[in-house]
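Coordinate-derived values only; no laboratory data. It should be emphasised that the depicted structure is a prediction, and the values quoted were computed from it without experimental measurement. Cβ coordinates were reconstructed from backbone atoms using ideal geometry, including for glycine residues, and neighbour counts include every protein chain displayed.
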Amino acid sequence: MPTPDIADAPHWPVVHTIGVDGMLISFSDTLDEAANRAALAFREALEDAGLQGVLETSTSLASVYLRFDLRAADHKVMRSALDAMLRQNDWYETPLPSGRTLWRVPAVFGTDLAPQLDEAAAMAGLSPDQAIAALCAAPLRVQAIGFAPGQPYLGQLPPEWDLPRQTGLTPQVPEGALAVAIRQMVLFSVSTPTGWRHVGQTALPLFRPDQPEPFTLRPGDDVQFVAVTREEFENIRRNDALGGATSQAAN
Amino acid sequence: MRMIKLHRVGPGITVQDTGREGWLSQGLSRGGAADRLALAEGAALLHQPTELAALEIAGSFLSLEVSAPVRIALTGAPMRALCDGEALVWHSSHDLPAGARLDLSGSEGGYSYVHFGGGIDAAMTLGARSAHLAANLGRMLTKQDSLALGPDSGSRAGMTFTPLSRFNGGLLRLVETPQTKLFSPAQRTRFTQTTFRKDARANRMGQRLVCTGKGFGTDTGLSILSETIVPGDIQITGDGAPFVLLSECQTTGGYPRIGTVLPCDLPRLVQAPAHADLHFAFVSLEDAVTLERAEADRRDGLRSALRPLIRNPHDIPDLLAYQLVSGVTRGDELEGKEA
């Protein structure tokens, strides 16, 4: 981000207003693990603090959003409460929130179900098999849930996956599509157009409004993909409401 | 159970209430009525809670039939409303008898609402009855759909009020976003001096605006880390056209936002007809807070702004019948009463 004037150069974290009744606490302007962790931890602390007038909080990749009731609180009071909380801790050093889950999610990579694997692999300088191994090598963090209901941004992939988005949009990827760009993967919760490259396909439902737990993943969870064949995938899709996903407590 | 049955159903008709709060962290935006003020107005007219669900009509048409006596209120963008062929006044509440047919047409755009005494008793999902089309929650209504109504604890109808003026476009006030200053002062000034109109392409997620002349933008190649976005945010997308986010917007985004329309001015945007001029002006955060608090207080007082709906005798086709009912006298009695 360009800084038009050195005096404007931010000292992280920085607090901005969002709309008339919102605040955004940003821990970085680039995606990094520490800033993501800081955002998750600070939101948890905010929820616990129960500041008067706060209506809702959420996180995005490196920031926390807070909305408050303008008739129950004002900006000055809210701002000083946030500043005090920010000073209490080195938020970049705080551990991840408790109660996280590690998910193992079967995915088919490539084939007609995920037609851009070869293209993305080539851009990352890998063979398709190397690409699949790399994408399944380790758990990816749910760095944020956003854009659409239950939709995770997963990261962070190694530097060779810093692929730009396509200039044109893929008109439609199906629900469960796994797409890659800018060292992240997105697992789409609804069928949507996208500029990210469609490299894998899962059958993991992310948003089930009629269930007691409508959202499958939470920010801070870990997701590890397990490559399966197209046949195995079709079998899972037919027979398993959770798309073959298994979960256990994350460390 | 009191039911309404839909006969002629245009596009863009959904069940709406105040939406679902509290799911932003899971990627689900609040949704709810595009013009939330209209919901408050309908609730005031029927003396019932604002949370009850109503029908939202997005610049379309609708005919429905009620199975039992029902109180209704008509708010939002005015339409031609007929009850069994007789004209009903908009921005008012009315009694419909059992079996009555309500025909609504002639929208100039924007969002119109039909509220029912007791509200629409559609299934609750995640704390609301609203259709959230972007999230695949609920759906647009179609011909032959039947909707149940909740129990109506009120009885009063025949009330009206003067709605907040918002059906002809006008000025939309903005506060700055974290990215406003990434637009050059010249861009920002030009933005506030430009006349915009609504693009025909719009939905409950957002409204694209068009203008003559150049588009708007920050320095090329700028990428902003995706962060929380809110209804009213004006994204400047790749083509330079402003895109105002509405109730069903995505929860996060990475396009630069030049400003955020005040919530109290959003009804003026969503209710502007296609031919209406729209302008923007920045206000300070302090002024915005004052305006929002004043509007919240005004909405709380909507019930006290109601007045009885006085029918103009020229609008009553069976005027003679009314006179007969009230005027069956022998003349001498009348003289006696007046004495």
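What the table shows:
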item	result
When segment A:3-93 is reduced to its Cα atoms, the Kirkwood hydrodynamic radius in Å	13.4 Å
Rule-of-thumb Rg ratio for the protein assembly as shown [Cα; 2.2 N^0.38 Å; N residues]	1.09
Using a Förster distance of 45 Å, the FRET efficiency for residue B:219-residue B:168 (Cβ separation, nearest 0.05)	0.80
Residue among A:176, A:19, A:110 with the largest mean-square fluctuation in a Gaussian network model of chain A, springs linking Cα atoms under 10 Å	A:19
Given chain A, longest segment not containing exposed loop trypsin sites (Lys or Arg not before Pro) (DSSP; at most 16 other Cβ within 10 Å)	A:72-164
Karplus-derived HN-Hα couplings along segment B:14-19 (A = 6.51, B = -1.76, C = 1.60, θ = phi - 60°), whole Hz, x at Gly and Pro	9, 7, 9, 9, 7, x
Scattering profile of segment B:3-160 at q = 0.09, 0.11 Å⁻¹ [log10 I(q)/I(0), Debye over alpha-carbon scatterers]	-0.25, -0.37
Nearby aspartates and glutamates by direct alpha-carbon distance to residue B:198 (threshold 14 angstrom, same-chain neighbours under 8 apart not counted)	B:108, B:277
Partners for residue B:214 among aspartates and glutamates (Cα-Cα distance below 16 Å; same-chain residues under 8 apart left out)	B:199, B:239
Rh by Kirkwood over Cα pairs, then Stokes-Einstein D for segment B:83-224 at 1.306 mPa s and 10 °C, µm²/s	79 µm²/s
DSSP H segments from chain A that extend 18 Å or more along their own axis, Cα-based, with Kyte-Doolittle mean of 0.5 or above	none
Ranked A:85, B:124, criterion: other C-beta atoms within 10 Å, fewest first	B:124, A:85
Segment A:127-251, relative contact order in percent, only Cα pairs under 8 angstrom and at least six apart counted	25 percent
D_trans [Stokes-Einstein, Kirkwood Rh over alpha-carbon pairs] for segment A:74-165, 4 °C, 1.567 mPa s, µm² s⁻¹	77 µm²/s
For q = 0.11, 0.13, 0.22, 0.25 Å⁻¹, Debye-computed log10 I/I(0) when each Cα of segment B:1-73 counts as one equal scatterer	-0.34, -0.47, -1.10, -1.22
Reachable lysines, given that their alpha-carbon falls under 27 Å from the alpha-carbon of residue B:5 and they are not under 8 places away in the same chain	B:143
